1. Probe radius 1.4 Å, ligands and nucleic acids ignored: give me the carbon and sulfur share of the accessible area of the chain as a rounded percent.
2. Sort out for me the Cα centre separation of region 52-73 from region 136-165, rounded to whole Å.
3. Note down the nm distance, to one decimal, between modelled labels 7 Å out along Cα→Cβ at LEU153 and at VAL54.
4. Please work out how many pairs of lysine residues in the chain are eight or more positions apart (or on different chains) and have Cα atoms closer than 25 angstrom.
5. Taking a ≥ b ≥ c as the square roots of the Cα gyration tensor eigenvalues, with a/c under 1.5 meaning rounded and otherwise prolate when a/b beats b/c, else oblate, which class fits region 1-111?
6. Run the quick spin-label model on TRP169 and ALA46: label points 7 Å from Cα toward the beta carbon, then report their separation in nm to one decimal.
7. Indicate the gyration tensor shape class of region 77-138 (rounded, prolate or oblate), computed on the Cα atoms with a ≥ b ≥ c the square roots of the eigenvalues: a/c under 1.5 is rounded; otherwise a/b larger than b/c is prolate and the rest oblate.
8. Taking the Cα centre of the chain as origin and charging only Cβ (+1 Lys, Arg; -1 Asp, Glu), how large is the dipole, in debye to the nearest 20?
Amino acid sequence: VALQLALYGGIGLASPFVLYFIGDFVLPALRRNEKKLLMRAVVIGAGLFILGVVFCYYMMLHIALYAATNFSTWLNFGANEWRASAYIGFICKFMLGMGLGFELPVIILSLVKLGILSHQQLSKGRPYWLVANLVMSSMLTPPDPGTMILMALPLQLLYELSVLVAWIWDRRDRKQAEKDESESNNEDSPPTTPSQ
C-alpha cells in the first residue's frame, strides 16, 4: 500500500514538471497562435482534471462504494471490509479515470480549433462516443449499472457541451466569413455616379 501510494503521489507531483519538459520540447516548433491555444488548453485542462477528481471524490465515490458493498451482499459473500491495497487501488483508478474523462472538452475543442474535427463530425460521432463512455465507465466502476451510468452521464454531458461550443464557433466563423465577403464585394464594386 505504501508503494502504491508513493507511486500515485509521485505521478501527481511529477506531472507538472513532465508537462513543462514536454512543452519546452514542443513549443519552439509551434506558431504563435498554436502556442496560445496550447497554453490555454493546459490551463483549462488542469482545472478540468482537478474538477473531475473533486467531483469523483465528493459525489461519486460514496455511491460507488455503497453499490459495490450492496452488490457483494446481493451475491451472498458480504464483503463489507476492503483490503487496503484493493481500496487504495480502486479509489486511485476511479479518480484518475474521472479526472482524465473531464479532459474531454479540451481535447475535442483543441482538435476543432486546429481544423481536424468539425461540428458535423462531432454530431455524427455521438452514438460512438456514448458507447465508448459506457465501456470506459464499466471498466472503472464496480460491476453495477447504476454507478456505470453515473460515471458515463457527466462524460456524455461534457461531450454534448463540446459539440455545442463547436457549433457556436462554426456559426460565428461562417457569419464572419459572410461579413468579410460582403465587405470585399462592396469595396470591389465601382462607385455609382448620380444621374443628371
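1. On the way: 9330 of 13640 Å².
That fraction is 68 percent.
2. 14 Å
3. Reported label-point gap for LEU153 and VAL54 is 2.1 nm.
4. Details: LYS35/LYS113; LYS36/LYS113; LYS36/LYS175; LYS113/LYS124; LYS113/LYS175; LYS113/LYS179; LYS124/LYS175.
Close lysine pairs found across the chain: 7.
5. Details: a/c = 4.19, a/b = 2.19, b/c = 1.91.
Prolate, because a/c is 1.5 or more and a/b exceeds b/c.
6. Label at TRP169, label at ALA46, 2.1 nm between them.
7. Numbers: a/c = 6.65, a/b = 2.45, b/c = 2.72.
Since a/c reaches 1.5 but b/c is at least a/b, the shape of region 77-138 is classed as oblate.
8. Roughly 280 debye, rounded to the nearest 20.
The values are calculated or read from the model by the stated rules, or taken from the named source; none is laboratory data. Computed from a predicted structure; not experimentally measured. Cβ coordinates were reconstructed from backbone atoms using ideal geometry, including for glycine residues, and neighbour counts include every protein chain displayed. These area figures cover heavy atoms from the full protein model, side chains too; ligands, DNA and RNA do not enter into them. Shrake-Rupley method; radii C 1.70, N 1.55, O 1.52, S 1.80 Å.
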